[in-house]
Amino acid sequence: MSYTEKELKKELEGKSYEFGFVTDIEAEKAPVGLNEEIIRLISSKKNEPDWLLEYRLNAFRIWNEMSSPDWAHVKYQEPDFQNICYYSAPKQKKQLESLDQVDPELLRTMEKLGISMEEQKRLTGVAVDFVMDSVSVATSFKDKLADLGIIFCSFSEAVQNHPELVKKYMGSVIPASDNYYAALNSAVFTDGSFCYIPKGVRCPMELSTYFRINEAGTGQFERTLVIADESSYVSYLEGCTAPQRDENQLHAAVVELIALDQAEIKYSTVQNWYPGDENGKGGVFNFVTKRGLCGYRSKISWTQVETGSAVTWKYPSCILKGDYAVGEFYSVALTNNYQQADTGTKMIHVGRNTKSTIISKGISAGFSQNSYRGLVKIGKGAKNARNFSQCDSLLMTDRCGAHTFPYIECENPSAMVEHEATTSKIGEDQLFYCMQRGIPEEKAISLIVNGYAKEVLNKLPMEFAVEAQKLLEISLEGSVG
Amino acid sequence: MDTVLKIENLHCQVQGQQILKGLNLEIKRGEVHAIMGPNGSGKSTLSSVLAGKEDYEITAGQILYQNEDIGELSPEERSWKGMFLAFQYPVEIPGVSNINFLRTALNERNKALGRDQISAKDFLRLVSEKSSLVGLDNKLKNRSVNEGFSGGEKKRNEIFQMAMLEPTLSILDETDSGLDIDALKIVSNGVNTLKSEDNATIVITHYQRLLDYIVPDFVHVLYDGKIVKSGDKSLALDLEERGYDWLKLEKAL
Ligand SMILES: Nc1ncnc2c1ncn2[C@@H]1O[C@H](COP(=O)(O)OP(=O)(O)O)[C@@H](O)[C@H]1O
Ligand SMILES: [Mg+2]
C-alpha cells in the first residue's frame, strides 16, 4: 500500500464533511505534535492529579526509547506522530435536521444491519425526538447500576471521582512499557471507559460503550479499565456494528481487565472502523492492546468480531495467574479488499489447573491478508494447565491470504496443549447447492460464512449476534471470485 | 398436455471438453422419465446444465422450460420457477442447520416472487408434514446441512427438501446409489407421493432396481452425450439383462 499521509488527510477531509463531522477548527485544540508540553497540557486540561501526569510523562519517556513493532504480517506507512493533534475538546457532530441529509450509502448499510430508525438518527447525528431519547434511557440504567454500587463512567470521570481505584489498577495489567502503542496510549490517552463491579454483584445488564461513547466522544487513544471485584460478574460490549467513520487514521487503544478471585468478565467487541475503499486507500489503523488478569477461579472471555480497519493489530490476552483460572478467546476476523489483519491472543498460564480455549475463525476475501498469531505459554508452576486452540481460515478468492502463527512455550510437563488448524476455500459446490435451492449467491455466501463462524457468533449476546451476522453479510458483498 | 421441459439438440461443454453432443428430450406434466447410461456418459452433466451450473456452457441447441429458453437464467431463478435437482453428491454446509437452510430457501423464493415470508408456524407445520414423508429423523432437521449424515440420510434429506420446495420439475441424480433396500423403498415412496398430474420427474439411475419402485413412463439411454435409445419401462429390464456393452458395439458399427 502506498499512499501518503497527505492524501489520506485530504480524502478524510472530504469524508468528514460528507458524514457531517465538524472539523471544529479553532475550538480547544492543542497544536499538532508530541512533546512533554503537550502531555502537560492534556493533563492540566483534564484537571488530573500529579501522579497521573507523572504516569503519562514516564510513559512518554519509555515510548521515546522504543521503536514501532515490525513483526506483524502487515505493511503500512507508519503514521507521522508529530503530525497528530493529541488534544481537542470532545468532537461535536453537526446536528442534521433529517435523515435526508445523511449519506444514503451509510443509511442503506444501517438499514441492512437492522438498526432502528431512531438509532440511525442518533448514530448519524440527526436530532431525535425526546420521547425515547437514548440519554434518558442511559440515565435510568445508570440509576439502576448505582443502586448496586456499580461504577460505569468515562475514564476522565473515574479519575476525578474514583482516583484510588484508577491509581491502583491502571497499568497493572498493561504497563506503559508493554509495547510501542501501549506506551503511546499511556502518554496521551484522552478518554475511555471505566467500570467497577463490587464484590459479589452480578451486573444485571450488558454494559455497553454504545451508550457512553456518544456522551463523551471517543478519541483515537482510548483507554478502558474494567474491574470485577471478587465473585462478581459483568458482560461488557464494546463498539457497534454501524460503520464507524473517523478522520483519525491511527487508533491505539488500551483495554485492561481485572477479574479478582472467582469473578467473571465477558468482553465482547464488534469492530467496524472504516476499512478504506475497495482500492485499499484510506481507512483506520487499529493498533490495540487488550489484556486481562485472572485471579483464583476467575474467568475472562474475549469475543470479537472484526470486520473493519485498514490495518488491525490486536491480541486480546489473558494472564491466568490464579489457580483454576479460565481464559477464553473467540474471534471472527473478516478482511476484504486490501485490508490487513494480524490478530490473535496470548494465554499465559501461571497458576495451577488453569485452562484456556482459543477459537479463531479467519475469513479472507478480495486481496486481503488475514493472520492469526497466538501464544500459549505454560509457566513452570502451571501444573495441569490445559489449552485447546482451533484456528480455521476460510478463503473467498485465490488472491487473498490466510496465515497462522501459533507459538507454544511450555515449561511444565504436566500441561496439555492441543492445537488444530484448517484452511478451506469457499466451495463452488456449496454455492451451487444453495443457489439450486433458490438462495442467491450473496445470500449463500453469507449463510455459509455465518455457519462457519457460528461457534464464535454464539458467544455474543443475542442482539449483538444478530447484527454481527448481518455485518458479515454486508462486509462480504461482491467478494467471491 | 403441456410440456414442462423440451431439450433441443443440446450441446454442452465443460472446461473445453464437449460432453453433451446433441441431446433431445421432451417431458410433459405428469410424466416420469428415466435416464440410464454407463458411468461417464453425461448424466450428471445433463442435470448440472439443466440447473444452470457455472462453467457448463451451452454451445448449441436450447433448453425450453415451460416454453421459455432458460439458458441465460441463474440457478436460483430456475429454482424459483420450480426446478429442483436432487444431487448425486449432496454438499455439506457446516454450521448451517437444515431448518435454517430451508427457511432461507423458501423465503428467498417468496421474496423473488413477491410473496409474503412464511410464518414460523406455517413453516414448522410444513417441516413436520414433509419430513414424515421420508421418515427423516427429527434430530437431522436441526443438524448442519448434510454434515455427518450417512449416505442414506443425505439422500433422504434431498427428497425432504424436494418435498418442502414442491417443484414442477424434479431431477433425481442417482438418488438410489448407496441406499439399502429399505431406504430405497422409503425414498421411492416419498417421490411417488409427491408425483402429481402437474409436475414431472426425471430419474437418473445406473440400475433398473429403482425403477421397480418409481415406475417410469419413458426410459432413455444416454451414451456419449446423446440419447441413443428411448422406450418404455421394458427397456430398463433389457438393459439390466444385457448391460451397456452392446451400446459400444452398436456405436462402433
Ligand atoms: N467439471 C468437469 N470438468 C471436466 N470434465 C467433466 C466435468 N464433469 C464431468 N466431466 C466429464 O464429463 C463426462 C460425463 O460425466 P458425468 O456427467 O458425471 O457422467 P455420469 O453422471 O453419466 O457418470 C465424463 O467423462 C467426465 O469425466
Ligand atoms: Mg453422475
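The table for this structure:
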| read-out | value |
| --- | --- |
| Output for the range B:195-253, where each listed residue is among the hydrophobic types (A, V, I, L, M, F, W, C) and closer than 20 Å to residue B:167 by Cβ | B:200, B:202, B:203, B:204, B:210, B:214, B:215, B:218 |
| Output for the range B:211-252, where each listed residue is open to solvent by 20 Å² or more (accessible area, probe 1.4 Å), among the β-branched types (Val, Ile, Thr) and within 15 Å of ligand 1 (Cβ to nearest atom) | B:227, B:228 |
| Any hit, the range A:158-178, residues being open to solvent by less than 30 Å² (accessible area, probe 1.4 Å), assigned to a loop (DSSP other than H, G, I, E, B) and more than 22 Å from residue A:237 (Cα to Cα) | yes |
| Residues of the range B:146-197 satisfying the condition of being out of contact with any strand residue (DSSP E or B) (no Cβ under 8 Å at 6 or more places or on another chain) and on the phi > 0 side of the Ramachandran plot | B:148, B:166, B:178 |
| Residue pairs meeting the criteria (Cβ under 6 Å; at least 6 apart or on separate chains; first more than 6 Å from ligand 1 (Cβ to nearest atom), in the range B:38-49; second in a loop (DSSP other than H, G, I, E, B) and open to solvent by 20 Å² or more (accessible area, probe 1.4 Å)) | B:38/B:244 |
| Only listed residue being open to solvent by less than 60 Å² (accessible area, probe 1.4 Å), hydroxyl-bearing (Ser, Thr, Tyr), within 16 Å of ligand 1 (Cβ to nearest atom) and not in a helix (DSSP H, G or I), chosen from B:170, B:177 | B:177 |
| Where residue A:309 falls short, out of the listed (1) open to solvent by 10 Å² or more (accessible area, probe 1.4 Å); (2) part of a loop (DSSP other than H, G, I, E, B); (3) not charged (D, E, K, R) | (1) |
| Selection within the range B:101-131 - surrounded by 19 or more Cβ atoms within 10 Å (Cβ to Cβ) and at the interface with another protein chain (Cβ under 9 Å from one of its Cβ atoms) | B:101, B:102, B:104, B:105, B:106, B:108, B:109 |
| Close pairs (6 angstrom Cβ cut-off, 6 or more residues apart or separate chains): more than 14 Å from chain A (Cβ to nearest Cβ) in the range B:167-187, away from ligand 1 (no atom under 16 Å from the Cβ) and open to solvent by 30 Å² or more (accessible area, probe 1.4 Å) anywhere | B:178/B:151; B:186/B:135 |
| Within the range B:33-126, helices (runs of 4 or more DSSP H) holding 2 or more residues that are within 16 Å of ligand 2 (Cβ to nearest atom) | B:43-51 |
| Failed criterion for residue B:98 (all others in (1) open to solvent by 20 Å² or more (accessible area, probe 1.4 Å); (2) more than 9 Å from chain A (Cβ to nearest Cβ) hold) | (1) |
| Residue B:75 being in contact with a helix residue (DSSP H, G or I) (Cβ under 7 Å, 6 or more places away or on another chain) and of a type outside the set (A, V, I, L, M) | yes |
| Residues of the range A:449-472 classified as more than 9 Å from chain B (Cβ to nearest Cβ) and either of a type in the set (S, T, N, Q) or not in a helix (DSSP H, G or I) (or both), total | 5 |
| Search result, residues across the range B:60-95 that are of a type outside the set (Gly, Ala, Ser), more than 12 Å from ligand 1 (Cβ to nearest atom) and more than 10 Å from every other protein chain (Cβ to nearest Cβ) | B:62, B:63, B:64, B:65, B:66, B:67, B:68, B:69, B:70, B:72, B:73 |
| Filter result for the condition that a residue is closer than 30 Å to residue B:102 by Cβ, touching a residue at least 40 places away in the same chain (Cβ under 8 Å) and either more than 9 Å from ligand 1 (Cβ to nearest atom) or surrounded by fewer than 17 Cβ atoms within 10 Å (Cβ to Cβ) (or both), over B:31, B:57 | B:31 |
| Total residues in the range B:198-253, condition within 16 Å of ligand 2 (Cβ to nearest atom) and acidic (Asp, Glu) | 1 |
| Any pair with Cβ under 6 angstrom, 6 or more apart, that starts in the range A:145-163 at a residue that is under 18 Å from residue A:43 (Cβ atoms) and ends at one that is of a type outside the set (S, T, N, Q) and at pLDDT below 90 | A:154/A:191; A:154/A:216; A:155/A:191; A:155/A:192; A:156/A:46; A:156/A:191 |
| Hey, residue A:378 open to solvent by less than 10 Å² (accessible area, probe 1.4 Å) and more than 23 Å from the chain's Cα centre (by Cα) or not | yes |
| Residue in the range A:418-437 that is more than 8 Å from every other protein chain (Cβ to nearest Cβ), part of a helix (DSSP H, G or I) and either more than 30 Å from residue A:355 (Cβ to Cβ) or open to solvent by 20 Å² or more (accessible area, probe 1.4 Å) (or both) present | yes |
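The values are calculated or read from the model by the stated rules, or taken from the named source; none is laboratory data. Bear in mind that the values here come from a model prediction, so they are computed numbers and not experimental data. Cβ atoms come from the backbone with ideal geometry, glycine included; neighbour counts cover every protein chain shown. Remember, those area values only see protein heavy atoms, side chains included, never the ligands or the DNA or RNA. Shrake-Rupley method; radii C 1.70, N 1.55, O 1.52, S 1.80 Å.
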